[in-house]
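For reference, the structure is listed below as structure tokens.
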Amino acid sequence: MSTEATIVFVIVVAARFLVPLLIPRYPLPAIIACLVIDGVDQTVFQLFGFDPPGYQGYDKAMDLFYLSIAFLSTLQNWTRTAAVQIARFLFFYRMVGVLLFELTGIRTLLLIFPNTFEYFFIFYELVRLRWDPRRFGLRFWLLSAAAIWIFIKLPQEYWIHVAQLDLTDTMRNVPWFTPALIVAVIALVAVVWFVVIPRMPTPDWSWRIAPEPLPEEMDTARERDAWMARNLKVISWWSLEKVALIGLLATVYARILPGLNVSDLRMFVGISIFVLANVVVSLLVARHVGSRSGLFAAFMARVGVNIGLVLIAGQFVGARALSVSDTLFFVMLLSLLITYHDRFAPVGAVRVEHDTTDPEPAGR
């Protein structure tokens, strides 16, 4: 690989790691940017004469990273509990599918476990641009997710992963495809403009891109600590969700990192022990020390604690399994996700209470 190609590769990979960090603050534009980068990165690589080996594994791992950030942001930002529950199912369903694909190499699994979560996330944020999501009930969100699954994601997953067709190549090689695609887009825009929009309810507010403000009782580090001290348990659904999220993601990444010789089971179990150790640390900090207010400061403090914990976990998965670079990578990745979960999940718990007890918005 040439120096130029190496620079391009580093820039693209860095963008796929850094842009998702904007999702909690700018959900819709940030996830659309992630989607665009995901769609063009292989083309960019090929333009510079580089075709990454094992691209499918790399691509799915990077997808799961930004989808993990998006899922965690729903815990903090989304005000409709029904939508959060649907998003949780769609996200973990996709994670299981990607892991099964990595284990078996069967591409059809990506069709059976489609990435419906991503478009459901975008749909929710599009609704929230003008309307209070709490005015729409469970049926609305379920039907929306089902429509996305059946009419958008299944054809897309078949096109990409089963038929293995490339949009650019198809437009170039099939004469009728481009005109048909243009007609389809025009028809879709017409349906939205003349059928959907006139039937939509009166907007609740002007355009709103930033997420909802944090609940007043959960907008400081001290309040989060107090909530965690009262409610957090080492063995709980909170911990199970964190183990599933981080364990599955780390196992997928372990399969694409070069030279990392660790079995999937040992990696998952080792990471699970590591995550539970972090739960203990979070509980002790909340009860006796107090957490950092700033996100970056909290992240760096978590990195410092986890350097020692990951080295201990390395003894479990094998002393030679994790190199220094692998260890640092997993420290940064896991510390980031744990920090996000610890900060966002308590807010999500309070939002559930508000969704249950607050007056229902008009027009529901």
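Give the residue, chosen from ILE7, ILE11, that is at pLDDT below 90, more than 25 Å from PHE123 (Cα to Cα) and part of a helix (DSSP H, G or I).
Answer to the check: ILE7.
Could you check segment 201-235 and list, in sequence order, the residues that are surrounded by fewer than 16 Cβ atoms within 10 Å (Cβ to Cβ) and in a helix (DSSP H, G or I)?
GLU216, GLU217, ARG222, ALA229, ARG230, ASN231
Quick one: would you say TRP149 is touching a residue at least 12 places away in the same chain (Cβ under 8 Å), part of a helix (DSSP H, G or I), within 29 Å of VAL347 (Cβ to Cβ) and assigned by TED's automatic domain parsing to the domain that holds PHE101?
Yes.
Return yes or no: is ILE256 β-branched (Val, Ile, Thr), modelled with pLDDT under 85 and closer than 24 Å to TYR93 by Cα?
yes
Any idea how many residues of segment 236-253 are within 16 Å of PHE91 (Cβ to Cβ) and surrounded by fewer than 16 Cβ atoms within 10 Å (Cβ to Cβ)?
Within segment 236-253, residues that are within 16 Å of PHE91 (Cβ to Cβ) and surrounded by fewer than 16 Cβ atoms within 10 Å (Cβ to Cβ) number 2.
The values are calculated or read from the model by the stated rules, or taken from the named source; none is laboratory data. All values reported here derive from a predicted model rather than from experimental measurement. FYI the Cβ positions are ideal-geometry reconstructions off the backbone, even for glycines, and counts take in every protein chain you see.
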